[in-house]
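Step one of this worksheet: look at the structure below.
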Amino acid sequence: MMENPRILVDARVGWGSGIGRYVANLLPLVARRLPGAELVVLVLQRDVERAAQALGGAAGITLRPCTISPFSLAEQVRLPHLASGFDLAWFTNYWVPLRWKGPFVVTVHDMLHQETRLFPASRARRLLSRRTFAHVAAHAKAVMFDSRFTRREFERQLGPARSGGVVHLGVDHHGWSADRPVVGPSSRERRLLVVASAKQHKNFGVLLDAWTRARPDDGWTLTIVTPDQELRSSIDLAALSAGAGRVEVIQGLDDEALASLYRSSALVATPSLYEGFGLPLLEGLMAGALCISSTAESLVEIAGGAWVVFVNGRDVDGWAQAIERGCSLIDDASADLGALIEANRHHAAAFTWDRAANLTADILLEALANISQAPTKQTP
């Protein structure tokens, strides 16, 4: 590795979102693997306090407040000027300015912005997204993917990345420890828990229709947890769930409260039609809940081998039956689910942030090595 490299980390993401949690869990561990490196982390001004708390003063990390919003014209015009003074930039989301000239690596979490049926966007926004992906494919020193599914989609649309690889996320963050004892589902609250942003691809319409058709006993509640209002929504979840009955929507829980909700819920569902990874499914397994999942490719990838009920995301009757059976199994006092729960927790525990950090650091080190070995231009 070059001596004392400076790495700019673009973390202008919603720190209450899945990508925000990715950054918060990964950065301190990556910094530990890169002694002597300085990671300068760009965060929006509104997220400085939250980011500081999440990173906990980790050595090698400096927060740099920023007023340049993601997905903006200012990002395209002003952000490229930050390239000077850094040996490498790491964009923790794929949205790299087209005029960025310095060496960079990218994390691609999904290709959702190119899914016209699932992601509502203007034609201009979609075209810019496509050009950005092409820019990443052509110029990134390395591309990291959350799943094999995302890598396949990227390569199908854009061709192979020059370097990088799949870096699965970890589940061993606050509240999700494999060493923490859990109670069986039959001892938990009769709750079907869904943790997802209020987006079209999360498939809430099918879920709520299925919940209405399933008609579980009165003791059961459907609880939906979404991020805070800073994250844009593409559906009106309150209106969508208004007539379903026994549905509560909770917004903006912190990690500790969310972990507690997972541990007390008997069922966890992930109905999404599209995911780049699917952390809530692993969190449900780790927390000891019974889990129902759609057959979205990344969800099957990360939970294949665990005891999960997989249902086609568009099959309302299939989801209704899965909910009915799940509720009935938990209501059956004679059901012994202990071995199943432990097997599921063992499966989820294999996804660690230490492993993700090691792979990420290796990719960053390789990019830095390639930069330092590149021939310099001779002055005529």
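The values are calculated or read from the model by the stated rules, or taken from the named source; none is laboratory data. Remember, it's a predicted structure, so these values are computed and weren't measured experimentally. FYI the Cβ positions are ideal-geometry reconstructions off the backbone, even for glycines, and counts take in every protein chain you see. In case anyone asks, the SASA skips ligands and DNA or RNA and just uses the protein heavy atoms, side chains included. Shrake-Rupley method; radii C 1.70, N 1.55, O 1.52, S 1.80 Å.
Observations
- Scope the range 282-317; condition part of a helix (DSSP H, G or I), of a type in the set (A, V, I, L, M) and either surrounded by 22 or more Cβ atoms within 10 Å (Cβ to Cβ) or at pLDDT below 95 (or both); matching residues: L282, L285, M286, A287, L299, I302, A303
- The range 318-367, residues that are among the aromatic types (F, W, Y) and either closer than 23 Å to T221 by Cα or open to solvent by less than 20 Å² (accessible area, probe 1.4 Å) (or both): W319, W353
- Applying the set (1) open to solvent by less than 40 Å² (accessible area, probe 1.4 Å); (2) closer than 22 Å to P28 by Cβ; (3) modelled with pLDDT under 95; (4) touching a Lys or Arg at 6+ places or on another chain (Cβ under 9 Å) to L169 leaves exactly one unmet item: (3).
- From the list R130, R156, the lone residue that is out of contact with any strand residue (DSSP E or B) (no Cβ under 8 Å at 6 or more places or on another chain), of a type outside the set (F, W, Y) and more than 28 Å from N312 (Cβ to Cβ) is R130.
- Residue list for the range 241-276, restricted to those being under 21 Å from the mean Cα position of the chain (by Cα), within 23 Å of Q200 (Cβ to Cβ) and part of a loop (DSSP other than H, G, I, E, B): G252, L253, P271, S272, L273, Y274, E275, G276
- Flag for A54 being within 30 Å of A198 (Cβ to Cβ), aliphatic (A, V, I, L, M), touching a Lys or Arg at 6+ places or on another chain (Cβ under 9 Å) and assigned to a helix (DSSP H, G or I): yes
- Filter pass, H113 being under 22 Å from the mean Cα position of the chain (by Cα), free of Cβ contacts under 8 Å to residues at least 40 places away in the same chain and open to solvent by less than 40 Å² (accessible area, probe 1.4 Å): yes
- Criterion: of a type in the set (S, T, Y), open to solvent by 70 Å² or more (accessible area, probe 1.4 Å), at pLDDT 90 or above and under 30 Å from D254 (Cβ atoms) - qualifying residue of T62, T67: T67
- Scanning the range 200-240 for residues that are over 23 Å from the mean Cα position of the chain (by Cα), under 29 Å from P70 (Cβ atoms) and either surrounded by 14 or more Cβ atoms within 10 Å (Cβ to Cβ) or modelled with pLDDT of 95 or more (or both) yields a total of 1.
To keep it simple, each residue is scored yes or no on (1) open to solvent by 10 Å² or more (accessible area, probe 1.4 Å); (2) at pLDDT 95 or above; (3) under 17 Å from H173 (Cβ atoms).
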residue: E3; (1), (2), (3): yes, no, no
residue: D10; (1), (2), (3): yes, yes, no
residue: G14; (1), (2), (3): yes, no, yes
residue: G18; (1), (2), (3): yes, no, yes
residue: L42; (1), (2), (3): no, yes, no
residue: D47; (1), (2), (3): no, no, no
residue: A51; (1), (2), (3): no, no, yes
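- If you go through the range 73-92 and keep only what is among the hydroxyl-bearing types (S, T, Y) and either touching a strand residue (DSSP E or B) at 6+ places or on another chain (Cβ under 6 Å) or modelled with pLDDT of 95 or more (or both), you end up with just T92.
- Extreme residue, nearest to R131 (Cα to Cα), among residues of the range 59-76 that are within 23 Å of the chain's Cα centre (by Cα) and outside any strand (DSSP E or B): F71
- Residue match in the range 303-326 (condition: closer than 22 Å to N25 by Cα, within 18 Å of the chain's Cα centre (by Cα) and not acidic (D, E)): yes
- Criterion (open to solvent by less than 20 Å² (accessible area, probe 1.4 Å) and over 29 Å from G284 (Cβ atoms)) met by exactly one of F104, F154: F104
- Check on L29, within 19 Å of G170 (Cβ to Cβ), of a type outside the set (S, T, N, Q) and either open to solvent by 10 Å² or more (accessible area, probe 1.4 Å) or over 16 Å from the mean Cα position of the chain (by Cα) (or both): yes
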